[in-house]
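**Q** Before I ask anything, here is the structure I am working with.
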Amino acid sequence: MSDVTVEQFAEVLKVTVDKLLAQLEEAGIRSLGPKDRISEDAKHELLAHLRKAHGKAQDGGAPRKITLRRKAQSEIKVAAPLGKARMVSVEVRRQRTYIKRDVLEEQARVAQEVVDQQREAESAERAAAEQQARRDAEQQARDQAEKERRAREEKARKPAEDDKGTRYGRQELHIAGGLSARHKKGRARPDSRRRAATVSTDRKHGFELPTAPVQHEVAVGETITVAELAQKMAVKSSEVMKTMMNMGVMATINQPVDQDTAVLVIEEMGHVAKVLKADQVEEALQAGMEASDEALPRPPVVTIMGHVDHGKTSLLDYIRRAKVAAGEAGGITQHIGAYHVETPRGVVTFLDTPGHAAFTAMRARGAQVTDIVILVVAADDGVMPQTKEAIQHAKAANVPIVVAVNKIDKHDADPEKVRNELSQEGVIAEEWGGENIFVPVSAKTGEGIDRLLESILLQAEVLELKAVQDAPAVGVVLEASVERGRGAVATVLVKRGTLRVGDSVVAGEQFGRVRALFDERGAEIESAGPSIPAQMLGLSSPPNAGDELLVVDSERKAREVALYRQGKFRDVRLARQAGQKSEDAFAQLGEDSKGTVNLLIKADVQGSAEALREALMKLSTGEVSVKVISSGVGGLTESDVMLAAASRARIIAFNIRADAAARDAMRDQNVEVRYYSIIYEAIDDIRAALTGMLAPEVKEQIVGLAEVREVFRSSKFGTVAGCLVVDGYVRRNNPIRVLRDNVVIFQGELESLKRFKDDAAEVRAGTECGIGVKGYNDVRVKDQIECFERVEVARQLGT
């Protein structure tokens, strides 16, 4: 083919001009346009490039790989919306690539060569390292031998100086025993004279077989795992488990065993057991918590306390510039909220405690962990019962009180009334010569908030609050709960030290490792310093609110302390349960006379469950009682429903819901479940249930009085009293009393009531009648017959 233009060549090849130009450029043929002519050499270069790109050899031999493309067309029938079918064309394209075996073998060979080179390099490095180690060991052995030789010569030289010489004046040479047997006559070697004689010395090696079994002293706490027991006795864990199996105890390598069993195993294996005293673990833990670093200033911890609905959360809300009060059900705080606020005058940590009467324990905990108490009192309401209780908690914890007189923006606000009432409780204002700061504030308008913060920080400067920062953290658990996907969540307040992610902690009877820390806004943080609250994940189970949080050296130590505490309180729980069982046995004998409401309480947080339990238990009286079968945190599960069904208990669900399995179990077992979000609604419902179980009160009401005017005796009817009804009425079916000189001498019922000769059911005042008293014949003239009736009156709980 003669030279043609690029455009004509593209038409022959049936490709676009742009694609042909791109292929020419890839082949290294540049500076060509659509109208330029392409030479034969350029065509050959393009062909070689395309062959190479498609897997063919440069010499035009067999291709290294072949790609097969296959296309098939068919039609399928598809139903239309109106019922008519239509045909749809379908095209199926398939592509398959085949590669020559020698190509794959070449790739495998290259890969194998790379692996072999790496192995040879590693072997050479390993051999060089081993050779160097061998040379070092030989050099060390030579040095050690030289050192021993010099020691032996020095040892042999000292006694030789004190010995007398031979008759020729030479010192006696001591030859090692058995060495002469090697040098018998006729068998001496030519170089035997040149060999140095070995002096007599101790030829024993450094290791000896023990002549008696080695006894170890093993310290045993409240519990110990099989692996730790084996490690302390320097034996294999399998030997310990075998010994325990012979004693009839089955245990795995990581299973903890109690102290008595561990002592028996130690003595059985020939060692000496050292039983740790009861509080040795706690003493060692407290000794490790002593900090020696320099204490630095820390933010104050301020607890806001007061009566319900006096504006505690709203006051804190204004300070935090966030809407918190609206999120609480019923406008009351259900659990402790912990927040740290960065004010222009410094950082302040606030604890918001509930003001409802049911949350006494929560307020007590808040007073124990705080530095300053803000007592919120409504200016229009004055001192209320929970206000007095908050004052008692603050005084018991020896915490200074700053009084915030709230709601001064109302028209009926009376701050002087608040001062007078608080002075009667021992809280006297500075203006009156006392020690307490009074600040009028308004959580609605913000009036007095700046002065309140200044008073808090001034009080904190007087207290000189300090804590060690660079030390293991020590804190207190404010709240605990169980959340889906997060496990046990504990709200903690660090008292000293720094709590970091990854620390091993123990809180009460629970232990774990800190997996994550969050602040009050939900943002993840790496650490929390003194006086900073944080949410912590990683504990095995939710601890009790108020438990102390400690950071220990390792998770093993944390497990040991937690298991010790669990075992410590186990006997107390068992003794309490045994007492309850005996009480239940006697209670069952008289359960007809005393009603009991069985409850199973589940709440969102530990503090709410505790408050609800305490409030409901206080409803018990001598006639009706509340028995809490179980109390816990987290959602309602199927096991909770089955426990309630077996105990014939009703379930109190506070701020939680049941899962699907629990709802099915409720329908199957017919278990009553009540959902609440406000605590006093639950208390009112249980009080109503207990009130319905109270036996009604029976009251006697006098309905009539008759005087005996004549007494008739009849052989047929006995003694019949002729009477005149002077007050009310006398009915035949009502009980009566016979009075003589206003003293009751008989109580019974009527045998007959007649008006003239006819029987009467009722006789009214001013009417004469004949009365026969059943079982009593000593009726006299001027006696009085009192007719009364018994009325049942419904009782209220507490009356």
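The values are calculated or read from the model by the stated rules, or taken from the named source; none is laboratory data. A quick note: this is a predicted structure, and the numbers were derived from the prediction, not measured. Methodologically, a virtual Cβ is constructed for each residue, glycine included, from the backbone with ideal geometry; neighbour enumeration extends over all protein chains shown. Surface areas here come from the heavy atoms of the whole protein model, side chains and all, with no ligands, DNA or RNA. Shrake-Rupley method; radii C 1.70, N 1.55, O 1.52, S 1.80 Å.
**Q** Separation between the Asn742 and Leu68 pseudo-spin-labels, each 7 Å from Cα along Cα→Cβ, expressed in nm?
**A** The modelled label-to-label distance comes out at 12.9 nm.
**Q** May I ask you to rank Phe438, Phe746 by accessible area, largest first, using a 1.4 Å probe over the protein chains only?
**A** The residues order as Phe746, Phe438, largest area first.
**Q** Quick one: Cα centre-to-centre distance for segment 226-246 and segment 649-695, in angstrom?
**A** 50
**Q** In addition: Would you kindly state how much longer the chain becomes between Arg51 and Ala128 on full extension, computed as 0.36 nm times their sequence separation minus their alpha carbon distance, in nm to one decimal?
**A** 22.7 nm
**Q** Okay, moving on. Please list, in order along segment 7-12, the HN-Hα scalar couplings obtained from phi with the Karplus expression 6.51 cos²θ - 1.76 cosθ + 1.60 (θ = phi - 60°), rounded to whole Hz, x for Gly and Pro.
**A** After applying 6.51 cos²θ - 1.76 cosθ + 1.60, I find 5, 5, 5, 5, 5, 5 Hz.
**Q** While we're on this one: How far apart, in nanometres, would the label points at Leu32 and Ala79 be if each is projected 7 angstrom from Cα along the Cα-to-Cβ direction?
**A** Going from the Leu32 label point to the Ala79 one covers 5.8 nm.
**Q** In sequence order, what are the phi-derived ³J(HN,Hα) couplings for segment 398-411 according to the Karplus relation 6.51 cos²θ - 1.76 cosθ + 1.60 with θ = phi - 60°, rounded to whole Hz, with x for glycine and proline?
**A** 6, 10, x, 10, 10, 8, 10, 7, 8, 6, 6, 7, 6, 6
**Q** Full-extension gain between Val793 and Leu643, please, as 0.36 nm times their residue separation minus the C-alpha to C-alpha distance.
**A** 50.4 nm
**Q** While we're looking at this one, here's another question. Let me make sure I get this right: for segment 621-723, a, b and c are the square roots of the gyration tensor eigenvalues over alpha carbons, sorted descending. Under 1.5 in a/c it's rounded, otherwise prolate if a/b > b/c, else oblate. Which is it?
**A** prolate
**Q** Strictly over 30 Å apart at the Cα level, which of Lys602/Lys699; Lys232/Lys495; Lys236/Lys557 would you flag in this model? Write out the running numbers ahead of the final one.
**A** Details: Lys602/Lys699 41 Å; Lys232/Lys495 36 Å; Lys236/Lys557 22 Å.
Correct reply: Lys602/Lys699; Lys232/Lys495.
**Q** Mind checking the per residue accessible area of segment 432-574 for me, 1.4 Å probe, whole number of Å²?
**A** Ligands and nucleic acids excluded, the figure is 45 Å² per residue.
**Q** Another question about this same structure. So how many Lys-Lys pairs in segment 383-451 land under 16 Å Cα to Cα, not counting same-chain pairs under 8 apart? Each step should come with its number before you reach the end.
**A** Working: Lys388/Lys417; Lys407/Lys417; Lys407/Lys444; Lys410/Lys444.
Lysine pairs meeting both conditions in segment 383-451 amount to 4.
**Q** So, in Å, what gap is there between the alpha-carbon centers of segment 17-51 and segment 408-484?
**A** Their Cα centres are 89 Å away from one another.
**Q** Roughly to the nearest percent, how much of the accessible area of segment 424-491 is carbon and sulfur, given a 1.4 Å probe? Before the final figure, lay out each step's value.
**A** Numbers: 1530 of 3430 Å².
Heavy-atom surface of segment 424-491 belonging to carbon and sulfur, 1.4 Å probe: 45 percent.
**Q** From the square roots a ≥ b ≥ c of the eigenvalues of the alpha-carbon gyration tensor of segment 694-791, which class results: rounded (a/c under 1.5), prolate (a/b over b/c), or oblate?
**A** prolate
**Q** What are the ³J(HN,Hα) values, in whole Hz, obtained from phi via the Karplus relation 6.51 cos²θ - 1.76 cosθ + 1.60 with θ = phi - 60°, for each residue of segment 493-508 in sequence order, with x given for Gly and Pro?
**A** Whole-Hz 3J(HN,Hα) from phi for segment 493-508: 10, 6, 8, 8, x, 10, 8, 10, 5, x, 5, 8, 10, 9, 10, x.
**Q** Here's another thing I want to ask about it. Report the FRET efficiency, 1/(1 + (r/R0)^6), for Asp685 and Ser527, where r is their Cβ-Cβ distance and R0 is 41 Å, rounded to 0.05.
**A** Using R0 = 41 Å, I get an efficiency of 0.35.
**Q** Which of rounded, prolate, oblate describes segment 363-491, given a ≥ b ≥ c as roots of the alpha-carbon gyration tensor eigenvalues and a/c under 1.5 marking rounded, otherwise prolate only if a/b is larger than b/c?
**A** Cα axes put segment 363-491 in the prolate bin.
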